[in-house]
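Report on the following structure.
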Amino acid sequence: MSDEGFPDQTPDPAILIAESEAMRAEVADMKDRMLRALADAENTRRRAEREKQDASQYAVTKFARDMLQIADNFARALAAAPPAVREAADPQVKAVLDGVEATERQLLSVLERHGVKPVDTAGKFDPNFHQAIAEVPGAGKPAGSIVDVVQAGYTIGERLLRPAMVTVARRDEAGGGGVDTKA
């Protein structure tokens, strides 16, 4: 017996090796779990940041859509007074029209400052941004091209706020009205 009252026993090396391997495996497992927990926390932080950014960017979507109706009314009011009518108008009427024009410019500027931008309507019809309301003769434009914009479309950030309402050039139907007579 030893001095402390314990019997002299030397641990079996095989048991020590097995215990050491078990501890290493447990440490590796805990390290893996810790790394996964850290990655999960980082992903959660990034997702929350992205959601916060989206919420702030798109929070005004409904309000912006309502404001576009006002911008449309300004545009219609100005279109009702073509340049020839403006020139012949009374100075007070000209002043009112100038005020309406300035207000429309300011409204569109404020909307753009908050991420609301007009949809490009030059060129080819894109169903992701345009809504075709009619097919019309192309007047020299290729089929599928935008002929006229009836109502401007807008995006907010990367999302479509309102599609542009457009007329699209139809395909020329030469000879036979589009019916295949050779079939």
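Okay, here's what the table says:
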quantity: Any hit, the stretch 106-120, residues being hydroxyl-bearing (Ser, Thr, Tyr), surrounded by 14 or more Cβ atoms within 10 Å (Cβ to Cβ) and over 16 Å from the mean Cα position of the chain (by Cα); calculated: no
quantity: Every pair of residues 6+ apart whose Cβ atoms lie under 7 Å, when the first sits in the stretch 56-67 and is touching a residue at least 60 places away in the same chain (Cβ under 8 Å) while the second is surrounded by 12 or more Cβ atoms within 10 Å (Cβ to Cβ) and in a helix (DSSP H, G or I); calculated: Ala64/Leu111
quantity: Residues that are within 22 Å of Val60 (Cα to Cα), part of a loop (DSSP other than H, G, I, E, B) and either over 18 Å from the mean Cα position of the chain (by Cα) or at pLDDT below 90 (or both), drawn from the stretch 130-175; calculated: Gly157, Glu158
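The values are calculated or read from the model by the stated rules, or taken from the named source; none is laboratory data. Note that the structure is a prediction, hence the values are computed from the model and not measured. Quick reminder, even Gly has a Cβ in these numbers, built from the backbone with ideal geometry, and neighbours come from all protein chains shown.
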